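The values are calculated or read from the model by the stated rules, or taken from the named source; none is laboratory data. In this text, all values refer to a predicted model and were calculated from it rather than measured experimentally. With ideal geometry, Cβ positions are generated from the backbone for all residues, glycine too; neighbour counts draw on all protein chains shown. SASA here: full protein model, heavy atoms, side chains in, ligands and nucleic acids out. Shrake-Rupley method; radii C 1.70, N 1.55, O 1.52, S 1.80 Å.
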Amino acid sequence: MSELEATKTRFFAGSWEGVITGTENGNTPAIEVSHLGKAVEFSIINQENNPEIWVLKIPVPPELLSDGVQVFLINNKDNGKKLTSFTIVTGEPLDDDIRAESELLRAELDMLKRAFRRHCLETK
């Protein structure tokens, strides 16, 4: 049995779009899309001229958008394996946002590198 793969093609007009490959015998891939553990509606249609490629379109419902980070998961329904995910960040910049945290960590690492180099030069 081949493994399903999901590849994003674009996010356009409020919809995530991608392709699903790895199906056998042209069978519709068994996938599920969720947000905070609840199912999200999607459409999946077979690409013309290729029974092994499926076009997946996930319209993001406006009621799921709010301040913060929203994560949508696309899973293989048969084995529960995560195929891919996408996130939407809205509202005011968050102090706890992962990007802000990584910038803070990077700045602290740079400070530690400078202090370590200074220490190494002083002990010679």
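For the range 51-59, indicate whether the set of residues that are of a type outside the set (Gly, Ala, Ser), surrounded by 14 or more Cβ atoms within 10 Å (Cβ to Cβ) and touching a helix residue (DSSP H, G or I) at 6+ places or on another chain (Cβ under 7 Å) is non-empty. Steps first, answer last, please.
Just the residues of the range 51-59 that are of a type outside the set (Gly, Ala, Ser), to begin with: 51-59.
Cutting the leftovers down to surrounded by 14 or more Cβ atoms within 10 Å (Cβ to Cβ) gives us 52-59.
Narrowing further to those that are touching a helix residue (DSSP H, G or I) at 6+ places or on another chain (Cβ under 7 Å): none.
Within the range 51-59 (the criterion being of a type outside the set (Gly, Ala, Ser), surrounded by 14 or more Cβ atoms within 10 Å (Cβ to Cβ) and touching a helix residue (DSSP H, G or I) at 6+ places or on another chain (Cβ under 7 Å)), the answer is no, since none of the residues qualifies.
I need the strands (runs of 3 or more DSSP E) fully contained in the range 22-85, keeping only those with at least 2 residues that are over 19 Å from residue 10 (Cβ atoms) and of a type in the set (Lys, Arg). Talk me through it step by step, then tell me what you get.
Working: elements: 31-35, 43-46, 53-59, 68-76.
Correct list: empty, since no element meets the threshold.
Looking at 65, 56, just one residue is under 20 Å from residue 90 (Cβ atoms) and in contact with a strand residue (DSSP E or B) (Cβ under 8 Å, 6 or more places away or on another chain), and that residue is 65. Figure legend. Inter-residue proximity from the range 12-30: first residues in contact (Cβ under 8 Å) with a residue 24 or more places away in the chain, second residues loosely packed, with under 11 Cβ neighbours inside 10 Å, beta-carbon distance below 8 Å, spacing 6+ or different chains. Indicated pairs: 14/62; 17/10; 22/2; 22/3; 23/2. Which of (1) exposed (fewer than 12 other Cβ atoms within 10 Å of the Cβ); (2) more than 23 Å from the chain's Cα centre (by Cα); (3) in contact (Cβ under 8 Å) with a residue 12 or more places away in the chain is the odd one out, the single condition residue 112 does not satisfy? Going through (1) exposed (fewer than 12 other Cβ atoms within 10 Å of the Cβ); (2) more than 23 Å from the chain's Cα centre (by Cα); (3) in contact (Cβ under 8 Å) with a residue 12 or more places away in the chain one by one, residue 112 breaks only (3).
All conditions but one from (1) touching a residue at least 12 places away in the same chain (Cβ under 8 Å); (2) open to solvent by 50 Å² or more (accessible area, probe 1.4 Å); (3) of a type in the set (Gly, Ala, Ser) apply to residue 107; the one that does not is (1). Is it fair to say residue 44 is open to solvent by less than 70 Å² (accessible area, probe 1.4 Å), aliphatic (A, V, I, L, M) and in contact with a Phe, Trp or Tyr (Cβ under 6 Å, 6 or more places away or on another chain)? So residue 44 fits the description; yes.
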